[in-house]
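**Q** Sharing a structure, written as structure tokens. Questions coming.
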There are 2 protein chains.
Amino acid sequence: MIGHSFDPGSLTLVGAGPGDPELITLKGIRALESADAVLYDALTNPVLLDHAPASADRLFVGKLKGRPSMPQEEINELIAAQAEGGRHVVRLKGGDPFVFGRGMEELLFAHSRGIRTAVIPGVSASVAAPGTACIPVTHRGVSDSFWVLTGNTADGHISADLDAAIRTNATVVILMGLAAADRIGRRYTEAGKADLPAAIIFEATMPGETVLTGPVGQLGNLAAGAHLSGPATIIIGNVVKLRAMNERTSSTLIHHESRI
Amino acid sequence: MIGHSFDPGSLTLVGAGPGDPELITLKGIRALESADAVLYDALTNPVLLDHAPASADRLFVGKLKGRPSMPQEEINELIAAQAEGGRHVVRLKGGDPFVFGRGMEELLFAHSRGIRTAVIPGVSASVAAPGTACIPVTHRGVSDSFWVLTGNTADGHISADLDAAIRTNATVVILMGLAAADRIGRRYTEAGKADLPAAIIFEATMPGETVLTGPVGQLGNLAAGAHLSGPATIIIGNVVKLRAMNERTSSTLIHHESRI
């Protein structure tokens, strides 16, 4: 197989992918296999920890029901303490480490402490959630660009540029936007684009995957009516219609591979 | 290991990742392992074909020097002919199948012929090329959205929404934009943003990876001075500065894993 050298006393940021534990990369698995400590949170599939040696510490740093998540400063210090003890620290991040993952903050902190670092990118839900739901983020004649925003910025808002995004023909993808669905729908409506097709994808790439579609003007109702929670991906634009095209061809022709 | 069922007489679109052959997903490898025929092009690393059984046909459908690439219609017919012969056809696409990959065209064509399909997303260069170069597409306080465009649309232009993108604070990522670098730089300059930092990444995630940075107003000169060709990723926005921050910390602290 291919040779690898992960240094002791180093940090490797690993993109864990969008949910399906087979959507991690081969390189990410190799990093886990050589980990002395793995830091993970609620956005990463715990099945992935099985790739780490039995002797590796598995450290949960995410949010538990009814308890706040560990502050970023504490996570940074934990990474440093482990790496400075000569261990190879793998920080598993949902999706890709640099798509709203605060990965760069951890990397910069490690650098400031003289710790060697590496980054292994991952499959981002921004592309994979719509993709596995048969909604391409780009398609000739329909959309030649896509714009990824968050519904939950550092100060809890939708990305500042949403209104600019609404005025373009770009496919708009919003991560962590479920709580903001009603506000998003109203802003499209105010811009005269209430009829643009939209989808909300829950548990993307997982056995419980649920895809709801409707006009973006009804996004709030769509989200509320779903009675679902957890991370969701919102996608807005005419590419959403392509999913329906496939379904009309024959719903039985579309399948996704069996999962665990 | 994990059980899979890839149907004979079906098409699986597989995202091959951005270049490094270890940046394919485990699920993508499983698909290749059960392939009867693999269709690939110049944007996928040929090393990945080693995952397919020795008995599988390896069909090149890309552009060869001095010869035009196979028309999309011919690729579609080849997929259909193989799948209708009862074979499991894997179509390897560089990056993710739905990021400027024409993947949906192949999927819709297969559906129209009654062929079962599956999609396995991949690591897109739009996020991974900057990421492995220590440029995060998002970072708190710097950028809370990113916009992915192409420098080479169906009719050979830059995505129509580039001017709108320039007026926002979104990180802008342009794929296949090398030939348009000078035009891109001039449009930023005309918008009064000539000083915004930009990077061009050649051979992202591969041993020959080269990263050039400079003000976007000089993007044309940067591209011309590189004397490099091939697929390149352009990234524009203040997140590009974070790479330099890392380098200043200590250039020897940044390393990427050894590659093949």
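Read-outs throughout are calculated quantities, based only on the coordinates presented, and are distinct from any laboratory measurement. Everything numeric here is computed off the predicted structure, so don't read it as measured data. Neighbour counts run over all protein chains shown; Cβ positions are idealised from the backbone, glycine included.
**Q** From Cα pairs below 8 angstrom and at least 6 apart in sequence, can you work out the relative contact order of the range A:133-196, rounded to a whole percent?
**A** Taking the mean separation of contacting Cα pairs over the length of the range A:133-196, I get 30 percent.
**Q** Within 10 Å of each Cβ in B:151-157, how many Cβ atoms from other chains are there, averaged over the peptide?
**A** The per-residue average across the peptide is 2.
**Q** Please list the radius of gyration and Dmax for the range A:146-202, considering alpha-carbon atoms only, with Å as the unit.
**A** Both quantities, over Cα of the range A:146-202: 10.6, 30 Å.
**Q** Report, in listed order, any pair from A:193/B:193; A:27/B:93; A:27/A:93; A:93/B:193; A:27/B:27; A:93/B:27 with a Cα-Cα distance greater than 22 Å.
**A** Working: A:193/B:193 30 Å; A:27/B:93 19 Å; A:27/A:93 14 Å; A:93/B:193 33 Å; A:27/B:27 13 Å; A:93/B:27 19 Å.
Where the Cα-Cα span goes over 22 Å, the pairs concerned are A:193/B:193; A:93/B:193.
**Q** Using Cα pairs closer than 8 Å and at least 6 residues apart in sequence, work out the relative contact order for chain B, in percent.
**A** On the way: 512 pairs, mean separation 48.3, N = 260.
19 percent.
**Q** Axis carrying A onto B: which residue of A has the nearest Cβ, and how far, whole Å?
**A** Chain A residue with minimal Cβ-axis distance: A:147, 2.
**Q** Placing +1 on the Cβ of each Lys and Arg and -1 on the Cβ of each Asp and Glu in the protein assembly as shown, which of B:145, A:121, A:99 has its Cα farthest towards the positive end of the resulting dipole?
**A** B:145
**Q** Also: Mind listing the label-point distances from residue B:77 to the same position on all other copies, shortest first, one decimal in nm, points 7 Å along Cα→Cβ?
**A** 6.8
**Q** Mind checking the log10 I(q)/I(0) for the range A:1-50 at q = 0.17, 0.23, 0.28 Å⁻¹? Debye, one equal scatterer per Cα, no solvent, two decimals.
**A** Debye curve over Cα of the range A:1-50, log10 I(q)/I(0) at q = 0.17, 0.23, 0.28 Å⁻¹: -0.50, -0.89, -1.24.
**Q** Now for a separate question. Where nothing but the Cβ of Lys and Arg (+1) and of Asp and Glu (-1) is charged, how large is the charge dipole of chain B around its Cα centre, in debye to the nearest 20?
**A** 460 debye
**Q** Between 0 and 90 degrees, rounded to the nearest ten: what's the tilt of helix A:72-84 against the longest Cα principal axis of chain A?
**A** Helix A:72-84 sits roughly 40 degrees off the main axis of chain A.
**Q** Per residue, how big is the convex hull of the range B:1-91 when only Cα atoms are used? Give it in Å³.
**A** 96 Å³
**Q** Let me confirm one metric for peptide B:159-169, namely the mean number of other chain beta-carbon atoms within 10 Å of its residues' beta-carbons.
**A** The per-residue average across the peptide is 5.
**Q** Still on this structure: Per DSSP helix of 4 or more residues, -39500 (n - 2.57); summed, then divided by the residues of the protein assembly as shown. What does that give at 222 nm, rounded to the nearest 500?
**A** Calculated from helices alone, the mean residue ellipticity at 222 nm is -8000 deg cm²/dmol.
**Q** Shortest first and in nm with one decimal, please list how far the residue A:226 label point sits from its counterparts in the other copies (point 7 Å along Cα→Cβ).
**A** Label-point distances to the other copies, shortest first: 3.8 nm.
**Q** Using 1/(1 + (r/R0)^6) with R0 = 51 angstrom and r between the beta carbons of residue A:155 and residue B:112, what's the FRET efficiency to the nearest 0.05?
**A** So the FRET efficiency works out to roughly 0.60.
**Q** Work out how much length residue B:72 to residue B:33 would gain on full extension: take 0.36 nm times their residue separation and subtract the Cα-Cα distance, in nm to one decimal.
**A** 11.5 nm
**Q** What are the radius of gyration and Dmax of chain A, computed over its Cα atoms and given in Å?
**A** Answer for chain A, Rg first and Dmax second: 19.6, 58 Å.
**Q** Right, another one. So what's the range B:97-141 giving for Rg/Rh, alpha carbon basis, Kirkwood Rh from the mean inverse pair distance? Before the final figure, lay out each step's value.
**A** On the way: Rg = 15.5 Å, Rh = 12.8 Å.
Rg/Rh for the range B:97-141 comes to 1.21.
**Q** At 7 Å along the Cα-to-beta-carbon direction for both residue A:238 and residue B:228, put a label point, then send me their distance in nm to one decimal.
**A** 3.6 nm
**Q** Over the range B:47-161, what lengths in whole Å, largest first, do the semi-axes of the equivalent ellipsoid take, defined as the square roots of 5 times the eigenvalues of the alpha-carbon gyration tensor?
**A** They are 31, 18, 15 Å, listed from largest to smallest.
**Q** For the ranges B:145-151, B:33-39, A:156-162, what's the packing order if you count other beta-carbon atoms within 10 Å of each residue, average per peptide, and put the highest first?
**A** B:145-151, B:33-39, A:156-162
**Q** Treating the point 7 Å from Cα along Cα-beta-carbon as the label, what are the nm separations from residue A:214 to the other copies, to one decimal?
**A** Counterpart label points of residue A:214 in the remaining copies fall at 5.2 nm.
**Q** Please report the spacing between the Cα centers of the range A:11-67 and the range B:84-138 in Å, no decimals.
**A** 25 Å
**Q** Across peptide A:128-137, how many C-beta atoms of other chains are within 10 Å of each residue C-beta, on average?
**A** Mean shielding by partner chains, rounded to a whole number: 6.
**Q** Oh, and also: Would you please calculate the Kirkwood hydrodynamic radius of the range A:108-230 over all C-alpha pairs and express it in Å, rounded to one decimal?
**A** 15.8 Å
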